[in-house]
Amino acid sequence: MSRIGKKPVPVPKGVEAKIDGQTVTAKGPKGKAEFVVNELCLVEMGDDGVAIKPINKSKNARSMWGMSRTMVANLFEGVSEGFTRKLELVGVGYRAQMQGQKLVLALGYSHDVEFTAPEGVDIKVAKPTEIEITGSDKQVVGEVAAKIRKFRPPEPYKGKGVKYAGEYIFRKEGKKK
């Protein structure tokens, strides 16, 4: 039994939820989004929110049950509050700045790295060494953060590179004489 799947997803205040077959649509202050639930799960609108149940007791149906419930919960959270990922740049001369819609990164290469955010994702640079990525889709926000981090991942000797805020970099000892 899925412990997560058993609980219905409450609809937050200010969010309008609609179910059309297997499609759950949510409209809120941060925008509109939809998710198509797997056909192995049943979707019902109740008094306490959106309930998701497996169609039968097969392993596939049970594995889709909890995941579908979490995706619907993320859908509601995204259109009501949104998601945020923060990145930090560690290293001498490493900095970020916004030029219009482009994020320009100086990461120790002979050239600056330019990154254009996809639609629905906002990038803010509060300090030259901090990047904040916000959006209503958790997956897209995570992908954008991962792409930016991939330009210069943190290295284990000095810890230089682009890292997630709060990420611990396992340090290695350097060469000895």
Based on the alpha-carbon set only, what is the convex hull volume of the chain divided per residue, in Å³? 160 Å³
If you build the Cα gyration tensor of region 51-138 and take the root of 5 times each eigenvalue, what three semi-axes come out, in whole angstrom, biggest first? 39, 14, 11
Just to confirm the number: angle between the C-alpha axis of helix 59-80 and the first principal axis of the chain, 0 to 90 degrees, nearest 10? 70 degrees
Whole Å is fine, so just give me how far the alpha carbon centre of region 1-50 lies from that of region 145-168. 35 Å
Please report the relative contact order for the chain, taking Cα pairs under 8 Å with a sequence separation of at least 6, and give it as a percent rounded to a whole number. 18 percent
Using a Gaussian network model on the chain with a 10 Å cutoff between Cα atoms, which of K147, K59, K102 fluctuates the most? K59
Using only alpha carbon pairs under 8 Å that are at least six residues apart, calculate the relative contact order of region 83-164 and give it in whole percent. 36 percent
State, to one decimal in nm, how far the label point of S63 lies from the label point of A146, with both points 7 Å from Cα in the Cβ direction. 1.9 nm
Would you mind checking the tilt of helix 138-150 against the longest principal axis of the Cα atoms of the chain, expressed as 0 to 90 degrees and rounded to 10? 20 degrees
Towards the positive end of the charge dipole of the chain, with charges on Cβ (+1 Lys, Arg; -1 Asp, Glu), say which of A33, P153, I52 has the farthest Cα. P153
For region 85-177, state the average projected area of the convex hull of the C-alpha atoms over all orientations, rounded to one decimal in nm². 6.7 nm²
Of the listed pairs K86/K177; K32/K160; K86/K158, those with alpha carbons more than 27 Å apart are K86/K177; K32/K160
For K6 and F115 in one chain, what is 0.36 nm times their gap in residues minus the Cα-Cα distance, to one decimal in nm? 35.1 nm
Given that compact globular proteins tend to follow 2.2 N^0.38 Å, what is the ratio of the alpha-carbon Rg of region 1-92 to that value? 1.25
Looking at the chain as a GNM with Cα springs under 10 Å, which of E143, E167, E16 has the largest mean-square fluctuation? E167
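Every number in this text was worked out from the coordinates using simple rules, so none of it is lab data. Model, not experiment: these values are computed from the prediction. We place every Cβ from the backbone using ideal geometry, glycine too, and count neighbours over all the protein chains shown.
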